[in-house]
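The values are calculated or read from the model by the stated rules, or taken from the named source; none is laboratory data. Predicted, not measured: the structure shown is a model, and the values here were computed from it. Ideal geometry is used to build each Cβ from the backbone, glycine not excepted, and the neighbour counts take in all protein chains shown.
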Amino acid sequence: MNPDGREPVILHAMDFLDDISEPAPSLPVLTVSELNRMARRALESQLPLLWVEGEVSNFMRAASGHWYFSLKDANAQVRCVMFRGRNQFADFTPANGDHVEIRALPSLYEARGEFQLGAEAIRRAGAGRLYEAFLKLKAKLEAEGLFDPAKKRPLPRFPRCLGIVTSPQAAALHDVLTALSRRMPGLPVILYPTPVQGAGAGAQIAAAIRAAGARAECDVLLVCRGGGSREDLWAFNDEAVARAIAASPMPVVSGVGHETDFTLADFAADLRAPTPTAAAELASPVRAELLLQLGNLARRLQHHLARKQQGEMQRLDYLARRLVHPAEELRRRHDRLGHLVQRLHNAAHARVTREHLRIAQLNQRLVTPHHVIQRDQQRLDTLAGRARRAALGGFVQRQLNLDRHASSLAHLNPESVLARGYSIVQLDDGAVVQDAADLNAGEQIGIRFHRGQARAKVESTRED
């Protein structure tokens, strides 16, 4: 049964015997090439791309780079070809006896009329199942936070001791020690031996990691192994190994396989290195670079000390110039004391003189009661004179104002107008008549003169 559910097409030569035995002049005659082409097209159209499992035999790499081999099982075999454009992406080169799985397209090699499989991908048998198990376990541990980047710890810049978890016979140990001898020859190394592949290797690797953490002898732990197939590296995909790395009290560097190989140990470690050698380089400083930095720092320190020494010598010279003989210091202090005594004497004399002047001024300001009475009498006389002058000036001013107002009133006095020959005509109610039209003939009026009054009767009125 094919993966797509279709039955495979099985061709038998006996099916065509009847047609061959009977004359068929109407059927075309095919060449061998045309027949093989038709058979290839029929195979490729009926059989899809599929995975085939078997044992490699008769493997051959051609000069062109193509691979030619056969896959066989207990009952049959089939020819296979994997062209260079495809096999260059394979993770390994198969050998006779390897049990593999290939993704291939069934076809027919027309030149020889041979049925063959055109392989597009190859993997070791069981790799697909292993990869599915790898992804499932990775998702589980990732959901638990075992690979959280926030939990990754930085490596110490200057580790005092390195621990290595690997096999004593592994090439990875040689690579790590070679790199360390080149970079930091004096760095102590502790090996925690363990098998790195085979049955039970995962549990032993995890136990070695836990032992290194419990003994706390090193600052950084390297978990490493050289390259190999997925099956060879499978011990580092063990759940116990990933959990032991995550629980390690010291930072862990994983250097398993080659640059393209990824294991659960890589995800759980604090830092992943592409190779064991790279792991050693990441975990250790370079002695030559440290010596160079130390030399630079020593030169800077020496230069700083030289400058500091020169500065202190100049300061010492300055202080030496300021240093005087005790006798000279006593003489200077005696002179200064004499100067202060002279200043004290002068200050006391000046103070006495100033107080005498102040007493004299106070005596001059001191007066007797007679002088006070005389001074107040003079002040009283002065104020009296000012009062008389003010009163006289005010009286004269008021007299002038009164005369001015009297003159103004005299001009406005109606009596003065009457004295000039004018008179005032009034009605009986005392109202002053200003318009002749306000009078009626026969009406009694009063006439006021400058001296006296008269009563009159209106005979007639007329307008001007």
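Consider segment 181-191. How many of its residues are more than 18 Å from residue 170 (Cβ to Cβ) and either in a helix (DSSP H, G or I) or without any contact (Cβ under 8 Å) to a residue 40 or more places away in the chain (or both)? Counting residues in segment 181-191 that are more than 18 Å from residue 170 (Cβ to Cβ) and either in a helix (DSSP H, G or I) or without any contact (Cβ under 8 Å) to a residue 40 or more places away in the chain (or both) gives 3. A single member of 264, 282, 271, 291 is of a type in the set (A, V, I, L, M, F, W, C) and without any contact (Cβ under 8 Å) to a residue 40 or more places away in the chain, and it is 291.
Taking the numbered list (1) closer than 30 Å to residue 55 by Cβ; (2) buried (at least 16 other Cβ atoms within 10 Å of the Cβ); (3) in contact with a helix residue (DSSP H, G or I) (Cβ under 8 Å, 6 or more places away or on another chain) in turn, residue 116 passes all entries but (3). Is it the case that residue 425 is in contact with a Gly (Cβ under 8 Å, 6 or more places away or on another chain) and either closer than 21 Å to residue 450 by Cβ or free of Cβ contacts under 8 Å to residues at least 60 places away in the same chain (or both)? Yes.
If we keep just the residues of segment 154-170 that are under 22 Å from residue 240 (Cβ atoms) and surrounded by 14 or more Cβ atoms within 10 Å (Cβ to Cβ), which is modelled with the lowest pLDDT? The extreme case among them is 170. In the condition set (1) closer than 22 Å to residue 36 by Cα; (2) hydrophobic (A, V, I, L, M, F, W, C); (3) surrounded by fewer than 13 Cβ atoms within 10 Å (Cβ to Cβ), residue 81 is compliant with all but (3). Screening segment 378-422 for residues that are loosely packed, with under 10 Cβ neighbours inside 10 Å and outside any helix (DSSP H, G or I) and picking the one that is farthest from the chain's Cα centre (by Cα) gives 421.
The set of residues in segment 219-248 being buried (at least 18 other Cβ atoms within 10 Å of the Cβ), part of a loop (DSSP other than H, G, I, E, B) and touching a Gly at 6+ places or on another chain (Cβ under 6 Å) consists of 233, 238, 248. Looking only at segment 178-191, residues that are within 24 Å of residue 288 (Cβ to Cβ) and either of a type in the set (S, T, N, Q) or surrounded by 15 or more Cβ atoms within 10 Å (Cβ to Cβ) (or both) come to 9 in all. Scan segment 85-101 and give yes if some residue there is part of a strand (DSSP E or B), assigned by TED's automatic domain parsing to the domain that holds residue 61 and either among the charged types (D, E, K, R) or buried (at least 18 other Cβ atoms within 10 Å of the Cβ) (or both), otherwise no. Scanning segment 85-101 turns up at least one residue that is part of a strand (DSSP E or B), assigned by TED's automatic domain parsing to the domain that holds residue 61 and either among the charged types (D, E, K, R) or buried (at least 18 other Cβ atoms within 10 Å of the Cβ) (or both).
Could you tell me whether any residue of segment 143-163 is in contact (Cβ under 8 Å) with a residue 40 or more places away in the chain and touching a Ser or Thr at 6+ places or on another chain (Cβ under 8 Å)? Within segment 143-163, one or more residues are in contact (Cβ under 8 Å) with a residue 40 or more places away in the chain and touching a Ser or Thr at 6+ places or on another chain (Cβ under 8 Å). A single entry from 280, 298, 348, 306 fulfils the requirement of being modelled with pLDDT of 85 or more, within 30 Å of residue 151 (Cα to Cα) and among the aliphatic types (A, V, I, L, M): 280.
Each residue in segment 192-218 was checked for being in contact with a strand residue (DSSP E or B) (Cβ under 9 Å, 6 or more places away or on another chain), outside any helix (DSSP H, G or I) and buried (at least 18 other Cβ atoms within 10 Å of the Cβ), and 5 of them qualify. When every residue of segment 30-53 is checked against the conditions, at least one turns out to be modelled with pLDDT of 80 or more, over 30 Å from residue 124 (Cα atoms) and in a loop (DSSP other than H, G, I, E, B). Residue count for segment 438-460, restricted to those that are in a loop (DSSP other than H, G, I, E, B) and surrounded by 10 or more Cβ atoms within 10 Å (Cβ to Cβ): 5.
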